[in-house]
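Have a look at the structure below before the remarks.
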Amino acid sequence: MSDATFDYRPLWTDLELNLEDHDALLEVLSKTYGDIFMSQKNRPEGMTYFDFVMSEIHGLRIKELMDAKGNGHKVIGTYCTFVPEELVLAVDGIMVGLCAGADFAVDEVERLLPRNTCALIKSTLGFKLGRVCPYLEACDMVIGENTCDGKKKAYEILDRLIPNFYAMDMPQMKSSEGKALLRAEYLKLKEQLEELSGKKITPETLKKAIETVNGKRRAVQRLARLRAADPAPISGLDSLLVNQVFFYDNPERFTDSVNNICDEIEERVGADEGVKPKGTTRLLMSGCPMAVPNWKIPAVVEGLNAIIVGEESCIGERGSRGCVDESAEGMEGMVDAIVERYCEIDCAIFTPNTERLMHIKNMVKKYRVDGVVLYGLNFCSPYLIEALDVEKELEKGGIPAIRIETDYSQEDTGQIKTRIEAFIERLSD
Ligand code: BJ8
């Protein structure tokens, strides 16, 4: 995976990674990526950048982070889209998403967590226990958030394992009290970041940070809109990859690269050019986030006669919907605007969470979806419970849906493929 012209091993040694296991992880990542992404046909040329980012996922980007640390910048790790990147950028920090999408150190993890914990949480802990994630080891501070019960409890363990771990509280309801709690938590986080970095957030630095993060969001929103075209101009897998890279690339470079790909895709749309023929069954993925390298379901779907045209997910539209109001003035006004924007995230940990169904229905319409794949990780009560109602409501509105409950193993791939194949057949009847 590393750049052949540069030896990254000393960096990994400095970060005290478990080199043997890290090599094994890189090999799996490289092979999975090669098998799934490189076998796709007619990809936009702009994907070359994202292929490069993936090939340098533990190489060049880590070097950039370490160089930035050497120049006094702080690296902040997060596990949730509720952590405002705006605050991190406003102290000249670098935010990296740490959500992990592969099983690691499973035996060790299951000594600390029950087996019936969702794969995402187990993976988060496994990457720490196995010392295989250079992003995690490069962090000056890691922020956990009190969202679902599994995460809350796992963070108590991570707090013992990670020297500068910070737990942020979260409301369960989006009432005025809930918003006030989120605001208070963001202000506490602001203080923590200022203390860590030795830099005070000013209205000017916060304004610039808001514009930078909005730029990223606008770029992925533009990409999402272009996927409404039939034939679909980009695969769901490539779009998911762009949304995954959102969480660890340099923000400005990411925005430019997404806009480049959008320019190219606009031409494709104009020329009626797609990655699959016009009329191919169009599916929406909806549910739990899919972190790198969790590409199992999209790979199954797009290996069949279907295309994914949207992700109702935190690594997707749920995470990037809306922007912070740039007309907000002064520190107070900007913090309020940040709270308002983040309160629009319709995570299933909220009760009630009715906006989510409305958003799913909107996405079905916008992207001309034929059916919805409700994706849930085993033991994820928030999304698995909501999936029952979402399925019923969609079917009532004449939109077929299928519920897929799985984990990171490959054992059920064949069975899932059979079910999705039957679902696609049902849609084309
Ligand atoms: S805002 S979705 S990123 S919490 S899959 S760990 S919910 S048991 S990830 Fe999430 Fe923030 Fe919400 Fe988004 Fe728990 Fe479910 Fe596991 Fe989950």
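Could you give the DSSP H helices of the chain that reach 20 angstrom or more along their long axis (alpha carbon positions) and whose average Kyte-Doolittle hydropathy is no lower than -0.5?
Helices meeting the span and hydropathy rule in the chain are 19-37, 381-396, 413-428.
Under a plain spin-label model, where a point goes 7 Å from the Cα along Cα-to-Cβ, how far apart in nm are Asp149 and Asp51?
Roughly 4.6 nm, to one decimal.
Output needed for the stretch 216-356: three equivalent-ellipsoid semi-axes, defined as square roots of 5 times the C-alpha gyration tensor eigenvalues, in descending order, whole Å.
28, 19, 13
Divide by every residue of the chain the summed helix terms, -39500 (n - 2.57) for each DSSP H run of at least 4, and state the resulting mean residue ellipticity at 222 nm, rounded to the nearest 500 deg cm²/dmol. Please list the in-between numbers first.
Numbers: 19 runs with 233 residues, N = 429.
It comes out at -17000 deg cm²/dmol, rounded to the nearest 500.
Within the stretch 362-410, list the chymotrypsin sites (Phe, Trp or Tyr not before Pro) lying in a DSSP loop whose Cβ has at most 12 other Cβ atoms in a 10 Å radius.
Sites meeting the loop and neighbour criteria: none at all.
Contour minus end-to-end for Ser327 and Arg426, with contour as 0.36 nm per residue of separation and end-to-end as the Cα-Cα distance?
Stretched fully, the Ser327-Arg426 segment lengthens by 30.8 nm.
So for the stretch 120-200, what are the equivalent ellipsoid semi-axes in whole Å, largest first, each being the square root of 5 times an eigenvalue of the Cα gyration tensor?
Taking √(5λ) for each eigenvalue gives 24, 19, 8 Å, largest first.
Nearest 0.05, what FRET efficiency do Lys417 and Ala180 give at R0 = 41 Å with Cβ-Cβ as r?
0.30
Select from Gly279, Ser235, Gly303 the residue farthest towards the positive end of the dipole of the chain; place +1 on Cβ of Lys and Arg, -1 on Cβ of Asp and Glu, and compute about the Cα centre.
Checking the options against the dipole of the chain, the answer is Gly279.
Bin width 10 Å, origin at 0, all Cα-Cα pairs of the stretch 212-259: what percent of pairs per bin?
27, 56, 16, 1
With only Lys, Arg, Asp and Glu charged, each at its Cβ (+1 for the first two, -1 for the last two), find how big the charge dipole of the stretch 68-160 is about the Cα centre; round to the nearest 20 debye.
220
Subtract the Cα-Cα distance of Gln410 and Asn362 from 0.36 nm times their separation in residues, and report this length gain in nm to one decimal.
So the chain would gain 14.1 nm between Gln410 and Asn362.
Take the chain, mark every one of the GluC sites (Glu not before Pro) that falls in a DSSP loop and has at most 11 other Cβ within 10 Å, then report the longest stretch left between them, sites excluded.
Looking at the chain, 46-325 is the longest stretch - no exposed GluC sites (Glu not before Pro) with at most 11 other Cβ atoms within 10 Å.
Mind listing P(r) for the stretch 9-171? All alpha-carbon pairs, 5 Å bins, whole percents.
Each 5 Å bin holds this share of Cα pairs: 2, 8, 16, 20, 19, 17, 12, 6, 2, 0.
With charges only on Cβ, +1 for K and R and -1 for D and E, what is the dipole size of the chain about its Cα centre, in debye, rounded to 20? List each step's numbers first, then the result.
Values: 52 positive and 72 negative charges, 165 e Å.
Using Cβ point charges on Lys, Arg, Asp and Glu, the chain gives about 800 debye.
Once you mark the trypsin sites (Lys or Arg not before Pro) that are in a DSSP loop and have at most 15 other Cβ atoms within 10 Å, what is the longest gap between them in the chain?
Answer from the scan: 279-367.
Which shape class, rounded, prolate or oblate, goes with the stretch 276-429 when its Cα gyration tensor gives a ≥ b ≥ c as root eigenvalues, a/c under 1.5 marks rounded, and past that a/b bigger than b/c marks prolate?
Taking the square roots of the gyration eigenvalues as a ≥ b ≥ c, the stretch 276-429 is prolate.
For the chain, what mean projected area does the convex hull of the alpha carbons give, in nm²?
19.6
FYI, it's all coordinate maths here, none of it is from the lab. The shown structure was predicted, so the numbers you read here are calculated from the model rather than taken from an experiment. Don't worry about glycine lacking a Cβ; one is built from the backbone with ideal geometry, like all the others, and counts go over all protein chains shown.
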